[in-house]
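Here is the structure we will look at.
The values are calculated or read from the model by the stated rules, or taken from the named source; none is laboratory data. Since this is a predicted model, take the numbers as computed values, not measurements. Quick reminder, even Gly has a Cβ in these numbers, built from the backbone with ideal geometry, and neighbours come from all protein chains shown.
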Amino acid sequence: MDNFLVFLGYLLVGALVTYLLRMVPMVFFRKKIKNRFLRSLLHYIPFAVLTAMTVPAVFYSSAYLASAIVGTLAAVILAYFNRGLVTVAAGASAAVLICELIIKYCI
């Protein structure tokens, strides 16, 4: 029962924070934002947050740092040549797998 109350507390705090993050901008910014600097800043925030969340996870997700770097380079190269998301993800995963197999069995 004690674990359930702790879980319920975490759930309520998470719900409250999520609600506030969605409602505060609607309350304070009722009119369209006309400031060009603020609009461009708000335009790039989702990309910056996604990058800040993804990049560290990429380098700590595999067994070896070298395979993470190889996978990242493979993803960047495939994305540069306008491949689709599934192709980029599959290519990066294959590059990581091949690199880890080489490191594990050949070195």
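Do we find that Ala63 is part of a helix (DSSP H, G or I), closer than 30 Å to Glu100 by Cα and of a type outside the set (Lys, Arg) in this structure? Taking the combined requirement at face value, the residue does not satisfy it.
Residues in region 61-89 that are free of Cβ contacts under 8 Å to residues at least 12 places away in the same chain and surrounded by 15 or more Cβ atoms within 10 Å (Cβ to Cβ): Ile69, Ala79, Arg83. Can you pull out every residue in region 20-39 that is part of a helix (DSSP H, G or I), over 21 Å from the mean Cα position of the chain (by Cα) and not basic (Lys, Arg)? The answer is Leu20, Met23, Val24, Pro25, Met26, Val27, Phe28, Phe37, Leu38.
Within region 40-60, take every residue that is within 16 Å of Cys99 (Cα to Cα) and surrounded by 11 or more Cβ atoms within 10 Å (Cβ to Cβ) and give me the one that is farthest from the chain's Cα centre (by Cα).
Among them, the one singled out is Phe59.
Residues of region 43-101 that are closer than 30 Å to Ile33 by Cα and not aliphatic (A, V, I, L, M): His43, Tyr44, Pro46, Phe47, Thr51, Thr54. Considering the conditions (1) in a helix (DSSP H, G or I); (2) at pLDDT below 95, Ala74 is excluded by exactly one of them, (2). Whether a residue is under 23 Å from the mean Cα position of the chain (by Cα), loosely packed, with under 10 Cβ neighbours inside 10 Å and of a type in the set (A, V, I, L, M, F, W, C) was assessed, and Met1 does not pass this test.
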